[in-house]
Amino acid sequence: MSQTRSNPNAASVEIRDLRKSFGDQKVLNGITFIVSHGRTVAVLGRSGTGKSVLLKLLVGLQAPDSGSIRVAGEEITGLDPYALNRIRKQMGFLFQQAALYDSLTVAQNVAFPLRNTTLSENDRQEKVRELLSSVGLKEEHFAKMPAEISGGMQKRVGLARALALDPAILLLDEPTAGLDPISAAEIGNLITELKRRRGITAVVVTHDIQGAKTFSDTLVLLNDGHLVAQGTFDDLRKSKNEFAARFLGNGDHVSNGR
Amino acid sequence: MTGSISTLAPPAARPGGGKNDLKIVVVSVFEWFGELGIFCARLFRAFTSPYEVSELIHQCDETGSKSLPLVALAGAATGVVLSLQTRDSLIHFGAKSMLPAIIAYSVIKESGPVITGLIVSGRVGAGIGAELGSMRVTEQIDAMEVSAVDPFRFLVATRVLACVLMMPLLTLCADACAIVSGWIADTLAEPISLRHFLDNGFKGARFSDFIPPTLKTLGFGFIIGIVACFQGMRTSGGTEGVGRAATSSVVLSSLFVILADVIFVRLILMIYS
């Protein structure tokens, strides 16, 4: 971790000409962008434009048809599962539905990634307590099963689990989807806080435009498998790109207009 | 691919499509075995440090202890039925004294291992297929991968090894229950001491009569574990897919246990005769 922090480029993500198809359907068609160390990029776009697929490619859960993905300076396409695990230890991933292990308690879920570390049992428990507290979960919820807590809490537990290995890079898939506005704002604040406190590099797939405006440095806008625009929120809003301006100006308008 | 073999549904009949359907089924079967081979290769690579000992113990409990009542009951029922069915025939041929030996040999050499294999295929195979299938469709297995925990090491290796280790022990329990229940059924018809029954049953028994048939259940355990894990790990299609994975795990593992039994019996006869 400290090694990662000492190298300013160590936690960067570089995507070049990334392509992915499922059968005849081209989901990603030549995506290129770079996320520099310590920056947060929000990936926006209409449903089904391959945003979640992009995150799964970044963490090696799916393989691209072509293109390059460099994480922390290392090319990850073509790596075998064991070599990928080395890279994955530097990355945290929050799934859209949290994907908590339903046979484990909240605390056991967060402790799961720590099972193969050298931490003692006491240190592990202390770390789990610290992580769950840092995402705003009270101790009374630690022993509950995932089914016994709300969707917002599940997202927080998922976030705590994603942070368990002290990742330098965080990949978040719809962190605020399905949450009430207050919970969504709290998750957004958590992401901002994480960025400030830990200097984490983050790629956040979201439909929450206000949230993206708050916690991201740069926005990347996808449409029909292409990257149509990238820049700050204000840049894109004022952009001459009609889709970008309409998407950020009024999401409903875009949906109805197509 | 999954459609043809995992649901075991015949291809839909179309006018003039018979040859194509047959071709698709044949290709699917070869694909399935090819993928299973790759799955096995990845599994063998997963048997390395760090070993998931606590999960293995948990799985041995799930596979062994929790299957024990069912296996014991099935074994006991087999012993009673064997005793009842065989007794009249043996009396008819004047070979009643052979009853203990017939029960002991048939249970230990064939009925015990196969019945245990089928019971474990049903109970454990369905459980593994549904559990891993459900974990797959809810992205829990993906979550494990991105946590840098190898799901093959944590989920597959432990379950396959638990099946392999527990099958011979469960088989011995089924055998014991079958022989004791066979004796009870026999002694109710005509009193005979358990010791006398066992002496008669195992008179002249050789190593090759009893040990290899029990050891073949190691192979049954591997088949049940690997097929159920394979079907579970490749689940797709939501809750319907989970149902398909559970069903196909049971159907395919039961089928392969029976086919493997034929091969094992032939091998044992070749080696020991």
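The values are calculated or read from the model by the stated rules, or taken from the named source; none is laboratory data. The structure displayed is predicted, hence computed values, not measured ones. Methodologically, a virtual Cβ is constructed for each residue, glycine included, from the backbone with ideal geometry; neighbour enumeration extends over all protein chains shown.
Tallying residues that are buried (at least 22 other Cβ atoms within 10 Å of the Cβ) and within 14 Å of chain A (Cβ to nearest Cβ) within the stretch B:112-129 yields 1. State the number of residues belonging to the stretch B:187-209 that are touching a Lys or Arg at 6+ places or on another chain (Cβ under 9 Å) and either modelled with pLDDT under 85 or charged (D, E, K, R) (or both). Count: 2.
Within the stretch B:201-210, the presence of at least one residue that is surrounded by fewer than 19 Cβ atoms within 10 Å (Cβ to Cβ) and of a type in the set (Asp, Glu) is confirmed. The criterion of at least 3 residues that are of a type in the set (Ser, Thr, Tyr), surrounded by fewer than 18 Cβ atoms within 10 Å (Cβ to Cβ) and touching a Pro at 6+ places or on another chain (Cβ under 7 Å) is met by none of the strands (runs of 3 or more DSSP E) wholly inside the stretch A:191-255.
Out of the residues in the stretch A:10-64 that are assigned to a helix (DSSP H, G or I) and not β-branched (Val, Ile, Thr), state the one that is nearest to the other protein chains (Cβ to nearest Cβ). Per the stated criteria, the residue is A:56.
Can you find a residue in the stretch A:65-81 that is within 11 Å of another protein chain (Cβ to nearest Cβ) and outside any loop (DSSP other than H, G, I, E, B)? For the stretch A:65-81, residues within 11 Å of another protein chain (Cβ to nearest Cβ) and outside any loop (DSSP other than H, G, I, E, B): present.
Across the stretch A:161-184, which residue is farthest from the other protein chains (Cβ to nearest Cβ) among those that are of a type in the set (A, V, I, L, M, F, W, C) and part of a loop (DSSP other than H, G, I, E, B)? Filtering the stretch A:161-184 for residues that are of a type in the set (A, V, I, L, M, F, W, C) and part of a loop (DSSP other than H, G, I, E, B), the one farthest from the other protein chains (Cβ to nearest Cβ) comes out as A:179. Restricting the stretch A:96-123 to residues that are within 21 Å of the chain's Cα centre (by Cα) and in a loop (DSSP other than H, G, I, E, B), the residue that is nearest to the other protein chains (Cβ to nearest Cβ) is A:99.
Restricting the first member to the stretch A:207-225 and to residues that are closer than 15 Å to residue A:52 by Cβ, and the second to residues that are in a loop (DSSP other than H, G, I, E, B) and small (Gly, Ala, Ser), the beta-carbon pairs closer than 8 Å and six or more apart or on different chains are A:207/A:47; A:207/A:177; A:208/A:177; A:222/A:50; A:225/A:50. Does the stretch A:193-203 contain any residue that is within 14 Å of chain B (Cβ to nearest Cβ) and at pLDDT 90 or above? Checked against the condition, which is being within 14 Å of chain B (Cβ to nearest Cβ) and at pLDDT 90 or above, the stretch A:193-203 yields at least one hit.
When residue A:93 is tested against (1) facing chain B (nearest Cβ under 8 Å); (2) assigned to a strand (DSSP E or B); (3) in contact with a Gly (Cβ under 8 Å, 6 or more places away or on another chain), just one condition goes unmet, and that condition is (3). Under the condition of being basic (Lys, Arg) and farther than 30 Å from residue A:63 by Cβ, the residues counted in the stretch B:106-149 number 2.
How many residues are within 14 Å of chain A (Cβ to nearest Cβ), in a helix (DSSP H, G or I) and not basic (Lys, Arg) when one looks only at the stretch B:34-65? Total satisfying the criteria: 14. Scoring residue A:136 on the criteria (1) at pLDDT 90 or above; (2) more than 15 Å from residue B:149 (Cβ to Cβ) leaves a single failure, condition (1).
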